[in-house]
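The values are calculated or read from the model by the stated rules, or taken from the named source; none is laboratory data. Values in this document were obtained by computation on a predicted structure and should not be read as measured data. Here Cβ is always computed from backbone atoms with ideal geometry, including for glycine, and neighbour counts include all displayed protein chains. Side chains are part of the model used for accessible areas, which takes the heavy atoms of the whole protein and leaves out ligands, DNA and RNA. Shrake-Rupley method; radii C 1.70, N 1.55, O 1.52, S 1.80 Å.
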Amino acid sequence: MEQYKLQQVDKDDVLVEIMNLYGNDLTRLAYSYVKEQTLAEDITQEVFVKCYMKLDTFKGNSSVKTWLNRITINKCKDHLKSGWRKYIQFELPIFKTPKTKTTPESELNKKIDHDALTEAILDLPVKYREIIILHYFQELSTNEIGLLLNMKDTSIRTRLRRARQLLEDELNKRNDQK
């Protein structure tokens, strides 16, 4: 999809393909900022509307995924700056754990661990949370994240290392409290 010149193909077809390829990832990314599923879905919809409107101006200086991630992050930050933030409700499972055939006890333990990790990620300051989400859940390299956030690769690696340490400390603290 990336190799096509977007100006030379049908915008509707391109949008459908983009939505199928990146919709879930963008919703998860938005959720990591706003912490509310329906709001994350609304923001993702706004991103696709903007994408459709600006598709003709996409220059290809970055990948479509990077472009959409940047739009999503900007929309989320705009929302967080607005007065609507006080109406955000926290919903927990952001990332679903795949189902396997195991015992109910092990499933419960996995869910508890998953929920604790999700909560710990969402409790991180935004500058660390976005790095974790982009690296581990969007599977972007530190170089791609640097381009997306207009930061040096070394700064991204430093933030990623610090975010991992904060997560480890928080999870250890939660385990000690049990």
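Selection within segment 67-98: residues that are modelled with pLDDT of 80 or more, crowded, with 16+ Cβ neighbours inside 10 Å and not basic (Lys, Arg). The member of this set that is nearest to TYR136 (Cα to Cα) is ASN69. Select from segment 149-166 the residues that are part of a helix (DSSP H, G or I), polar (S, T, N, Q) and either open to solvent by 50 Å² or more (accessible area, probe 1.4 Å) or touching a Cys at 6+ places or on another chain (Cβ under 7 Å) (or both) and list them in ascending order. Answer for segment 149-166, where residues must be part of a helix (DSSP H, G or I), polar (S, T, N, Q) and either open to solvent by 50 Å² or more (accessible area, probe 1.4 Å) or touching a Cys at 6+ places or on another chain (Cβ under 7 Å) (or both): THR154, THR158, GLN165. Here's a check for you: in segment 53-75, which residue that is assigned to a helix (DSSP H, G or I), closer than 13 Å to ILE18 by Cβ and in contact (Cβ under 8 Å) with a residue 24 or more places away in the chain is farthest from the chain's Cα centre (by Cα)? Result: LEU55. Taken over segment 18-49, the criterion of being acidic (Asp, Glu) and modelled with pLDDT under 90 is satisfied by GLU36 alone. Could you check, for segment 127-148, whether at least one of its residues is within 19 Å of LEU26 (Cα to Cα), surrounded by fewer than 17 Cβ atoms within 10 Å (Cβ to Cβ) and in contact (Cβ under 8 Å) with a residue 24 or more places away in the chain? Checked segment 127-148: at least one residue is within 19 Å of LEU26 (Cα to Cα), surrounded by fewer than 17 Cβ atoms within 10 Å (Cβ to Cβ) and in contact (Cβ under 8 Å) with a residue 24 or more places away in the chain.
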